[in-house]
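The values are calculated or read from the model by the stated rules, or taken from the named source; none is laboratory data. Predicted model only: the values in this text are computed from it and were never measured. Here the Cβ is made from the backbone with ideal geometry for all residues, glycine too, and neighbour counts use every protein chain on show. Areas reflect the complete protein model, heavy atoms only, side chains present, ligands, DNA and RNA absent. Shrake-Rupley method; radii C 1.70, N 1.55, O 1.52, S 1.80 Å.
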Amino acid sequence: MKYDRDELVKMIAFHEGIVLTVYQDHLGIDTVGIGRNLEDRGITDGELLFINKTMEDVYEKGLTEEEAYYLCMNDIAIVEKELLANKSIVNQLTDVRQMILVDMAFNMGVPRLMQFKNMWMAIEKVNYPSLS
């Protein structure tokens, strides 16, 4: 991917917000940090080891801002991989377009983003205005 991942994390943090304690999102799902879904994605053993916490610690004490950004970076890497596995053309797009698609996939999930058939057809046919 061509875009600046740090810039994307800041944008996602702005859109999602940063909540350092566990809360229930609008669907009632336990969430922490920058939109980390604790029920579907959870926090891996490797991530817990890196942040030097247990899940009990996360639920009782929450995260630091640095830990929230670390988990968000990992989430973005997962989304990028899923997105490219489904639509390799994303790798050929400009950095701005890549960032928008990764942001959308982060928020709604790659499977839902794949349902935007007309958008994908336009992308594949390069049927959109130039940014220059």
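Filtered by the rule that a residue be part of a loop (DSSP other than H, G, I, E, B), under 25 Å from Ala105 (Cβ atoms) and of a type in the set (Ser, Thr, Tyr), the range 35-84 gives a lone residue, Thr44. Of everything in the range 91-132, what is outside any loop (DSSP other than H, G, I, E, B) and touching a residue at least 60 places away in the same chain (Cβ under 8 Å)? Give them in sequence order. The answer is Asn91, Asp95, Val96, Gln98, Met99, Val102, Asp103, Phe106, Asn107.
Filtering the range 52-79 to residues that are open to solvent by less than 20 Å² (accessible area, probe 1.4 Å) and either of a type in the set (Ser, Thr, Tyr) or over 19 Å from Ile12 (Cβ atoms) (or both) leaves only Val58. When residues in the range 21-51 are screened for being within 15 Å of the chain's Cα centre (by Cα) and surrounded by 13 or more Cβ atoms within 10 Å (Cβ to Cβ), 11 of them pass. A search for C-beta distances below 8 Å between a residue of the range 57-76 that is touching a residue at least 60 places away in the same chain (Cβ under 8 Å) and any residue that is open to solvent by 40 Å² or more (accessible area, probe 1.4 Å) and in a helix (DSSP H, G or I), counting only pairs 6+ apart in sequence or on different chains, returns Met73/Arg5; Ile76/Arg5. Set side by side, the residues Lys2, Lys10 differ, and just one is assigned to a loop (DSSP other than H, G, I, E, B), under 19 Å from Leu101 (Cα atoms) and either open to solvent by 60 Å² or more (accessible area, probe 1.4 Å) or modelled with pLDDT of 95 or more (or both), which is Lys2.
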